[in-house]
Amino acid sequence: MTTPEPHAGNVWPIWEVFVRSSRGLSHVHAGSLHAPDAAMALRNARDLYTRRNEGVSIWVVPADAIASSDPDAKGAFFESPQGKDYRHATYYTKSEGVKHL
Amino acid sequence: MSTSPETAVPAEETAGHGDISVGVKGSANSGEATASATRITPGNALRPEDIALAVSRGTAKPGEDVAEFALRLGDDALVLAQRLGHWISRAPELEEDIALGNIALDQLGHARSFLSYAGGFDGRSEDDLAYFRREPEFRSVEIFELPNGDFAVTIARQFVVSYYQFELYRRLAQSTDATLAGIAAKAVKEVDYHRDHSAQWVLRLAQGTDESREKMIHGFKVIWPYVDELFRDDELTGRLSGSGAAVEPSSLRADFDRLTGEVLAEAELEVPRVQPAPGGGRKGLHSEHLGYLLAEMQVLAREYPGASW
Amino acid sequence: MASQTLQSVPGEPTAAQHELSLEELARREADGQAYFDKVMADDSRIEPRDWMPPAYRKTLLRQISQHAHSEIIGMQPEANWISRAPSLKRKAILMAKVQDEAGHGLYLYSAAETLGQPRDAMMQDLMDGKAKYSSIFNYPARTWADMGAIGWMVDGAAIANQVPLCRASFGPYGRAMVRVCKEESFHQRQGFEILLELSHGTPEQKQMAQEAVNRWYAPALMMFGPPDDDSPNSKQSMAWNIKRFSNDELRNRFVGMMMEQVRVLELTLPDKDIRFNEETKKWEHGPLDWAEFHEVLAGRGPCNAQRLERRREAHDDGTWVREAAAQYAAKQAKKQAEKEVAA
Ligand SMILES: [Fe+2]
Ligand SMILES: [Fe+2]
Ligand SMILES: [Fe+2]
């Protein structure tokens, strides 16, 4: 398991917590917490984010291990799928009403 | 459109207890809510209230021996919950406030179940037993009564008692007494997590800094004289193990030594060489600490005897 | 997400931003402002890495961190009664409730951290007396009935404040509030039931309940903040879709709810001037002592010193534990790395 850069002194790094609320569903981001390492992050996540049966499985990820898309580039990065209606079933109107299609 | 696995709700999810719902508009029953990591339910385990109900209906009634035994386990758990509850708002980090709070709540739950059952013998409630018995009538052993000390002392105590409780409840889950077995079957799973929590901290404190190692070693030294008392047999446990309702405490010792030994070895700690204390809590002879704990716990209930809260 | 250090995928070289021309920087800021304005107009959400006006960031950071501090300091008056709770059921409920408040603090600190302020820095500000928190937690919880009054009125006021915050324009704040509000729903009810039990108990118990309601009433109303004509920042917060209703609107609505509920309790509110104004269709209440509010806020309340000292003590006593765990993690990571090199 990846371990974030060990922090100096007594400050624990941030972990992002993902919880699977029941079998068959995806893990969903629940929030974050501080923990010294992955083992404790998992336990803290269990104590903090599943006190009311919210989950059956937990992932923890060091916050600084997450790569994210650039918010300033949102126009360019997400432009391509715009307008490509033919990727969606609703584009095909002539077959509407035909059974099992 | 096909149903994606993300939005499919398994049948068991919709059956049984529903969502505890919330004052937040739009968050219940929406597609988002079913996939949400904030969906909350009460679960469906055996609760102290179920034991009390069974007792009041007469479907669960302990004999004198089983009642006395349940009192012992209930008092151990109650005193520990009272001790651990003090950490909430005082723990070394906020995340640990919550962890210790969960353990305290588990222990309090076990205490309530055992006491509710014990009270079934002579018609006393969990609160009659917790608040209106005097110190010599309590049956807890000394290790549970020890003051919290620093975090290392609390962890040392927690480490010992959760490994002990695990071995005990694991066996009690097979008890010929169905109620004891039911309480133990729920408790053993929770205590299993308490073992893990304290073992994680034993490793970190023992192998963290020089200071923390010193404190961990000191913590075990403070706690260890009271370990032996947990495993002492007496006439009551002899009779109960004869009937299959319980086991002799001494029979837990080998597994306790082996499993705690594994963690201590990994932490490069030695079992402290200290003399065992005689104890006496099972007979009502308590440490000097218990009186203060009870005085605080019972003060309000005793100011208003007969009141309901 | 709590991280400010998220890496960008398509590789926008962050270092290169230093070399951007002034015109380019100005263009980006204008673009950012335009995008921000559109998000506000659409009542959509701002996320941590979006451009945001510096004043918006500052306001949020202040509000969210103060809210987090309030949850953490707010644990103390109730934690004070865990050991003396008069029944085991109440003990369990109170323990779970106080523990929840620690959780709320954590959710909120996480939301604030996404704005670039580490939690330990916020905590340090709190302990140094530089940060504010809800003034009400500087009052003492004198009797068991205070557990009822706090749950019913203090958590009640908090909920009234927080439900609209679930729609706050800053995503992490709104999401934290959704989680908090779900958990709060039991807090108010357990408080109400404590009072209900007391008011139907012995005369002494009923008196205890009434006195607690009397003591917590005004501080609870003041939790909504100063009156609208004395709340300079409210307008901006509403323009930014952080706040959805004014302080007085929320307060008046809350008074109305309490008026109904206090009848079920068979207790009274210590305010002869509460009335429903038929013209405005709004509840009104008597004058509040804002001078006292400002005194307590300025640090001169009954428990200010005690609350901060207790927080410092827990933090200081825990230092060696946090250090040990951090050291252990570093050692384990080093061992792991050496193993990988050897393999
Ligand atoms: Fe809260
Ligand atoms: Fe709150
Ligand atoms: Fe609350």
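Laid out as a table, the results:
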{"item": "Hz values of 3J(HN,Hα) by residue in the stretch C:195-207 - Karplus curve (6.51, -1.76, 1.60), Gly and Pro given as x", "result": "5, 4, 4, 5, 6, 9, x, 6, x, 5, 5, 4, 5"}
{"item": "Among A:Pro36, C:Gly151, B:Trp224 - extreme Cα towards positive end, dipole of the protein assembly as shown, charges at beta-carbon", "result": "C:Gly151"}
{"item": "Cα-centred dipole magnitude for the protein assembly as shown, charges only on beta-carbon of K, R (+1) and D, E (-1), debye, nearest 20", "result": "1020 debye"}
{"item": "Rg/Rg_ref, chain C, where Rg_ref = 2.2 N^0.38 Å and atoms are Cα", "result": "1.15"}
{"item": "Choice from B:Pro278, B:Pro62, B:Pro136 with maximal GNM fluctuation in chain B (Cα, 10 Å cutoff)", "result": "B:Pro278"}
{"item": "On Cα atoms only, tilt of A:38-49 relative to the major axis of chain A in degrees", "result": "70 degrees"}
{"item": "Gyration tensor (alpha-carbon) shape descriptor, the stretch B:124-248, a/c threshold 1.5", "result": "prolate"}
{"item": "Chain A, relative contact order [Cα under 8 Å, separation at least 6], %", "result": "26 percent"}
{"item": "Rounded, prolate or oblate (a/c below 1.5 giving rounded, otherwise prolate when a/b exceeds b/c) for chain B by Cα gyration tensor", "result": "oblate"}
{"item": "Rounded percent of accessible protein surface that carbon and sulfur make up, chain A, 1.4 Å probe", "result": "54 percent"}
{"item": "Per-residue SASA entry for C:Asp230, accessible area with 1.4 Å probe, Å² rounded to 10", "result": "80 Å²"}
{"item": "C:Lys331, C:Lys91, C:Lys235, reordered so the largest accessible area comes first (probe 1.4 Å)", "result": "C:Lys235, C:Lys331, C:Lys91"}
{"item": "Per-residue [θ]222 nm for chain C (sum of -39500 (n - 2.57) over DSSP H runs n ≥ 4, rounded to 500)", "result": "-21000 deg cm²/dmol"}
{"item": "C:Lys282 long-range amide H proximity, modeled H, under 5 Å", "result": "C:Asn277"}
{"item": "Accessible surface buried once A binds B (1.4 Å probe; total of both sides; Å²)", "result": "2200 Å²"}
{"item": "Dimensionless Rg over Rh [chain A; C-alpha; Kirkwood]", "result": "1.21"}
{"item": "For the pair C and A, total buried accessible area rounded to nearest 100 Å², probe 1.4 Å", "result": "2900 Å²"}
{"item": "Residue order for B:Lys189, C:Lys182 - accessible surface, 1.4 angstrom probe, largest first", "result": "B:Lys189, C:Lys182"}
{"item": "Residue order for B:His86, C:His69, C:His285 - accessible surface, 1.4 angstrom probe, largest first", "result": "B:His86, C:His285, C:His69"}
{"item": "Leading residue at positive end of dipole, chain C (Cβ point charges), from C:Ser185, C:Ala342, C:Ile274", "result": "C:Ala342"}
{"item": "Protein heavy-atom accessible area occluded, C/B pair - total, 1.4 Å probe, Å²", "result": "4700 Å²"}
{"item": "Separation of alpha-carbon centers, the stretch C:113-134 and the stretch B:221-273, rounded to whole Å", "result": "46 Å"}
{"item": "Charge dipole (debye, nearest 20) of the stretch C:208-271; +1 at Cβ of Lys and Arg, -1 at Cβ of Asp and Glu", "result": "260 debye"}
{"item": "For the stretch B:235-291: rounded, prolate or oblate by the Cα gyration tensor [a/c cutoff 1.5]", "result": "oblate"}
{"item": "Cβ-based charge dipole, the protein assembly as shown, positive-most Cα from B:Pro62, A:Tyr92, B:Ala181", "result": "A:Tyr92"}
{"item": "Carbon and sulfur %, accessible surface of the stretch B:240-309 computed with the full protein complex present, 1.4 Å", "result": "53 percent"}
{"item": "Neighbour count of at most 11 Cβ within 10 Å plus DSSP loop: longest GluC sites (Glu not before Pro)-free window in chain C", "result": "C:1-277"}
{"item": "Spatial separation of Cα centroids for the stretch B:159-189 and the stretch B:83-115, in angstrom", "result": "19 Å"}
{"item": "Inter-part distance where the stretch C:53-75 and the stretch C:170-189 are each reduced to a Cα centre, Å", "result": "15 Å"}
{"item": "Chain B, accessible area per residue, ligands and nucleic acids excluded (1.4 Å, Å²)", "result": "42 Å²"}
{"item": "Computed E for B:Asp228/A:Ala67 - FRET, C-beta separation, R0 60 angstrom, nearest 0.05", "result": "0.60"}
{"item": "Solvent-accessible area lost in complex, 10 Å² minimum, residues of the stretch A:40-58 relative to chain alone, 1.4 Å", "result": "A:Met40, A:Arg43, A:Asn44, A:Arg46, A:Asp47, A:Leu48, A:Tyr49, A:Arg51, A:Arg52, A:Asn53, A:Glu54"}
{"item": "Solvent exposure of chain A as accessible area per residue, Å², 1.4 Å probe", "result": "57 Å²"}
{"item": "Surface share of carbon and sulfur [accessible, 1.4 angstrom probe, percent] for the stretch C:107-196", "result": "51 percent"}
{"item": "Debye, to nearest 20: dipole size of chain C, +1 on Lys, Arg Cβ, -1 on Asp, Glu Cβ", "result": "840 debye"}
{"item": "Where the stretch C:177-281 is the region considered: accessible area per residue in Å², 1.4 Å probe", "result": "48 Å²"}
{"item": "Cα-Cα P(r), the stretch C:163-237, percent of pairs per 10 Å interval", "result": "16, 28, 31, 19, 6"}
{"item": "Relative contact order [Cα under 8 Å, 6+ residues apart], chain B, whole percent", "result": "19 percent"}
{"item": "Sequence-distant residues sharing a close amide H with A:Ser68 (under 5 Å, placed H)", "result": "C:Gln7, C:Ser8, C:Val9"}
{"item": "Using θ = phi - 60° and Karplus 6.51 cos²θ - 1.76 cosθ + 1.60, couplings along the stretch B:263-273 (whole Hz; Gly, Pro as x)", "result": "5, 4, 5, 4, 7, 6, 10, 10, 5, x, 8"}
{"item": "Orientation-averaged projected area, Cα convex hull of the protein assembly as shown (nm²)", "result": "40.3 nm²"}
{"item": "Cα pair distances of the stretch C:226-343 binned at 10 Å [whole percent]", "result": "10, 20, 22, 17, 12, 10, 6, 2, 0"}
{"item": "B:Ile217 - accessible surface, heavy atoms, 1.4 Å probe, Å² rounded to 10", "result": "80 Å²"}
{"item": "Relative contact order computed over the stretch C:32-172 (Cα-Cα under 8 Å; 6+ residues apart), in percent", "result": "35 percent"}
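The values are calculated or read from the model by the stated rules, or taken from the named source; none is laboratory data. Because the structure is a prediction, the values reported are computed rather than measured. Quick reminder, even Gly has a Cβ in these numbers, built from the backbone with ideal geometry, and neighbours come from all protein chains shown. Please note that ligands, DNA and RNA were not included when accessible areas were found on the heavy atoms of the full protein model with its side chains. Shrake-Rupley method; radii C 1.70, N 1.55, O 1.52, S 1.80 Å.
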